[in-house]
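To keep things clear, I will list the structure first and then write my remarks on it.
The values are calculated or read from the model by the stated rules, or taken from the named source; none is laboratory data. Treat the numbers as computed from the prediction; the structure is a model and nothing was measured. All Cβ positions, even for glycine, are placed from backbone atoms using ideal geometry, and neighbour counts span all protein chains on display. Note: accessible area is taken over every heavy atom of the protein model, side chains too, but ligands, DNA and RNA are not part of it. Shrake-Rupley method; radii C 1.70, N 1.55, O 1.52, S 1.80 Å.
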Amino acid sequence: MASKRTIAVWMSVFLWIGLVDAAKKCPPGRAKSFLMGFMGHTGSTATMSMLHKHSHLDVAWPLVEPMMNHNATTGCLWTRMFFEEPRTTIPGFKLRPHKVIDDKEPWTKLIDDYEVRFIRMIRENLFKAGIGLYSVRVLEDKAAVQGLMKGEEDHCQVHPESCYFDVESVKLLASLMHTIHEGNESVENLAREMNWSCVLDITYEEFQKNGEKLMKRVENFLGIPYEGHRPDFQKALSDNPCEVVLNYQDICGYFYDCPLFRPFVEDEDAGCVCVNKKGKHDPVLCDHELLKEAIRQDPDEDLKTIGDTRTN
């Protein structure tokens, strides 16, 4: 019994130390600045459109990607100038991981100087994200890049071929799903490798399920009051993969036995269930390196749709 009490005491000590350490990393109160790490098709533009309207924030324009024309080095200089502008609001914007990781040293100093808080936004459901990216890369439907703006709500009625389609290349869909997974990992690495004042994890799925609850978390993280702004962009495609992918039952069996993809292939809440889970499994689809090699060797595959995690 004495040993158990000793363990309990030490656990309490470690917990207390952890809480103190956490308090140092993320002090209470209003943020001095913030950045959001993102990859494409994670809902980041919709999220930033709400933050852009907040009276306590100064979100850099354009919302889509303010540092698009900068590399890591020049981007750091641009960010420092933006943060230095006289204001009473909190400056911030979103950026892709390589805009920092490619030149860490000046970014480390910048993060220290401005006590930058970091919002990490990823999209967990690789299958749905892959379908959306497929519509962009293969069908060239730009609506799914950032979502629909006001007045574009009839997009799927006007362009049904962009919203309801057959997936004709399983290899390309698999490649896009791997690309999204690697993009998620790069955002997670950015959160781990840099000395952020504190980190908040959010997901596209949270945004879709309850955007108000998510934004309350984000604005609380930044130490500002919740203002209840609405997004400027709406989801372009249905969230039900069975509605979007007309040949869903022909496609789902390819991915069900891939451990990385299995959790996302079905959407039971939407009634979208794979009937033949093992009928068309191809282990090459589960390994991105093997898959890329298979696509290189197949002259019938369209190589332009193989994504780079920096540009997806």
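From the cross-link list Lys53/Lys216; Lys104/Lys216; Lys128/Lys171; Lys104/Lys128; Lys150/Lys235; Lys32/Lys94, which pairs have alpha carbons spaced over 21 Å apart?
Over 21 Å apart, Cα to Cα: Lys104/Lys216; Lys104/Lys128.
Given contacts defined as C-alpha pairs under 8 Å and at least six residues apart, what's the relative contact order of the chain, whole-number percent?
With pairs under 8 Å counted, the relative contact order is 24 percent.
Leaving out ligands and nucleic acids, note down the accessible area per residue over the range 62-149 with a 1.4 angstrom probe, in whole Å².
On the way: 3640 Å² over 88 residues.
For the range 62-149, the per-residue accessible area is 41 Å².
Using the basic label-point model (7 angstrom from Cα toward the beta carbon), what is the Asn220 to Thr89 distance in nanometres?
Here the answer is 2.4 nm between the modelled labels.
What FRET efficiency comes out for Val170 versus Asp239 if R0 is 25 angstrom and r is the Cβ-Cβ distance? Round to the nearest 0.05.
0.70
Out of residues 5 or more away from Cys272 or on other chains, whose amide H comes under 5 Å of its own, with H placed 1.01 Å from N in the peptide plane?
Asp267
Tell me which DSSP H helices of the chain clear both cut-offs, 30 Å or more of axial length from alpha-carbon atoms and a mean Kyte-Doolittle hydropathy of at least -1.0.
Both cut-offs are met by 2-25, 170-193.
Can you give the FRET efficiency for Leu77 and His229, using 1/(1 + (r/R0)^6), R0 = 25 Å, r = Cβ-Cβ distance, to the nearest 0.05?
Using R0 = 25 Å, I get an efficiency of 0.25.
Determine the percent antiparallel among the DSSP beta bridges restricted to the chain, to the nearest 5.
In the chain, approximately 10 percent of DSSP beta bridges are antiparallel ones.
Place a +1 charge on the Cβ of each Lys and Arg in the chain and a -1 charge on the Cβ of each Asp and Glu, then give the dipole magnitude about the Cα centre in debye, rounded to the nearest 20.
1500
Ignoring everything but the protein chains, give the 1.4 Å probe accessible area of Val59 in square angstrom, nearest 10.
Taking all protein chains as shown, Val59 has close to 10 Å².
Applying a 10 Å radius around every beta-carbon, put 39-46, 120-127 in order of their mean neighbour count, most first. Please list the in-between numbers first.
Values: 39-46: 24.6, 120-127: 22.5.
For the peptides 39-46, 120-127, the packing ranking is 39-46, 120-127.
Provide the gained length on full extension for the span Asp154 to Glu212, in nm with one decimal, where the gain is 0.36 nm per separating residue minus the Cα-Cα distance.
18.4 nm
How large is the helix-only mean residue ellipticity at 222 nm for the chain, computed as the sum of -39500 (n - 2.57) over DSSP H runs with n ≥ 4, divided by its residue count, in deg cm²/dmol to the nearest 500? Don't skip to the answer; put the middle values down first.
Numbers: 16 runs with 151 residues, N = 312.
So the calculated ellipticity at 222 nm is -14000 deg cm²/dmol.
Please list the radius of gyration and Dmax for the chain, considering alpha-carbon atoms only, with Å as the unit.
21.6, 73
For the range 73-162, which whole percent of the accessible surface, found with a 1.4 angstrom probe, sits on carbon and sulfur atoms?
Numbers: 2190 of 4140 Å².
Carbon with sulfur: 53 percent of the solvent-accessible area.
Rounded to the nearest 0.05, what FRET efficiency do Glu115 and Glu188 have when you use their Cβ-Cβ distance and R0 = 22 Å? All intermediate terms of the calculation are to be shown ahead of the outcome.
Working: r = 21 Å, r/R0 = 0.98.
Using R0 = 22 Å, I get an efficiency of 0.55.
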